[in-house]
Amino acid sequence: MTEPKLDHVDSVDDELEIDSNYKPPPEKTIEQILEADKEDESLRKYKETLLGEAKAGGVIVEPNDPRKVIVKKLALCVADRPDMELDLTGDISQLKKQTFVIKEGVSYKIRIDFVVQREIVHGLKYVQKTFRLGVPVDKMTHMVGSYPPKMELHSYTTPAEDAPSGIMARGSYTVSSLFTDDDKHEHLKWEWSFDIKKDWKE
């Protein structure tokens, strides 16, 4: 997040429509991935180690949930402080009522915990737009990567960002977050909010 600015920022949906030279690779099954480069012994063993659990029988963590990607939690991480967490498994429409307080100028990271099940997911991407008084003031897009299904949680942590500082930066912000992928599947879209204050205790 940078100093609040009033530059035009397209909607989260428009973010995914930006024309670029990037073309996502074609999706491959686990079997196709294991079959490729099979003459390279070390690469074959590496892929079998990486994908072994997935190959063993289509990992299904939550049988009643048909999604490939289940986003579990967003955490705002600041050094030497407890993580501030949003539970994304319940009623996400209520998340805006849970407001984080962030000290101005502090360095923070965002961590997202998620499950991948059933099949490999390609080119996961985290898109975040920040608004103040309804005006877009910041946007970020992070390439999360491709992940095989497995029973354990996957986690992705963004690079450090500095919260804006100064009297003009203090106040309430809303965030629109989107977890998507190369194929523009919206795995989860949610809104949350935070306040920038002079100190943590305010």
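Just checking, which of Lys150, Lys184, Lys189 is modelled with pLDDT under 95 and within 13 Å of Ile70 (Cα to Cα)? Steps first, answer last, please.
Details: Lys184 fails: within 13 Å of Ile70 (Cα to Cα); Lys189 fails: modelled with pLDDT under 95.
Exactly one residue qualifies, and that residue is Lys150.
Name the single residue that is farthest from Ser107 (Cα to Cα) among those in region 72-91 being in contact (Cβ under 8 Å) with a residue 60 or more places away in the chain and in a strand (DSSP E or B).
Let us first name the residues in region 72-91 that are in contact (Cβ under 8 Å) with a residue 60 or more places away in the chain, namely 72, 74, 76-77, 81, 86, 88.
Adding the requirement that they be in a strand (DSSP E or B) leaves 72, 74, 76-77, 86.
Numbers: Lys72: 24, Leu74: 17, Leu76: 10, Cys77: 9, Leu86: 19 Å.
Top of the filtered list is Lys72.
Those residues that are among the acidic types (Asp, Glu) and either modelled with pLDDT under 95 or closer than 22 Å to Lys201 by Cβ (or both), I need them from region 88-116; list them, please.
Within region 88-116, the subset among the acidic types (Asp, Glu) is 91, 104, 113.
Those that are among the acidic types (Asp, Glu) and either modelled with pLDDT under 95 or closer than 22 Å to Lys201 by Cβ (or both): Asp91, Glu104.
Pick from Lys150, Lys129, Lys125: which is of a type in the set (Lys, Arg) and in contact with a Pro (Cβ under 7 Å, 6 or more places away or on another chain)?
Answer to the check: Lys129.
Can you tell me how many residues in region 117-152 are within 18 Å of Trp192 (Cα to Cα) and in a loop (DSSP other than H, G, I, E, B)?
Residues meeting the conditions: 2.
Go through Ser155, Ser177 for me and flag whichever is without any contact (Cβ under 8 Å) to a residue 60 or more places away in the chain, in a strand (DSSP E or B) and touching a strand residue (DSSP E or B) at 6+ places or on another chain (Cβ under 6 Å). Spell out how you get there, then give the answer.
Working: Ser177 fails: without any contact (Cβ under 8 Å) to a residue 60 or more places away in the chain.
Sole residue among the options that is without any contact (Cβ under 8 Å) to a residue 60 or more places away in the chain, in a strand (DSSP E or B) and touching a strand residue (DSSP E or B) at 6+ places or on another chain (Cβ under 6 Å): Ser155.
Pull up region 161-185, narrow it to residues that are within 16 Å of the chain's Cα centre (by Cα) and surrounded by fewer than 13 Cβ atoms within 10 Å (Cβ to Cβ), then point me to the one that is farthest from Thr99 (Cα to Cα).
Kept after step one, since they are within 16 Å of the chain's Cα centre (by Cα), are these residues of region 161-185: 161, 175-185.
Retained after the next criterion (residues that are surrounded by fewer than 13 Cβ atoms within 10 Å (Cβ to Cβ)): 183-184.
Working: Asp183: 32, Lys184: 29 Å.
Step by step, filter region 161-185, then rank; the result is Asp183.
Give Asp113, Asp138 a once-over and let me know the one that is within 21 Å of Lys184 (Cα to Cα) and surrounded by 13 or more Cβ atoms within 10 Å (Cβ to Cβ).
From the options Asp113, Asp138, the qualifying one is Asp113.
The values are calculated or read from the model by the stated rules, or taken from the named source; none is laboratory data. Given the structure is predicted, the values throughout are model-derived calculations rather than measurements. Please note: Cβ atoms are built from the backbone with ideal geometry, for glycine as well, and neighbour counts cover all protein chains shown.
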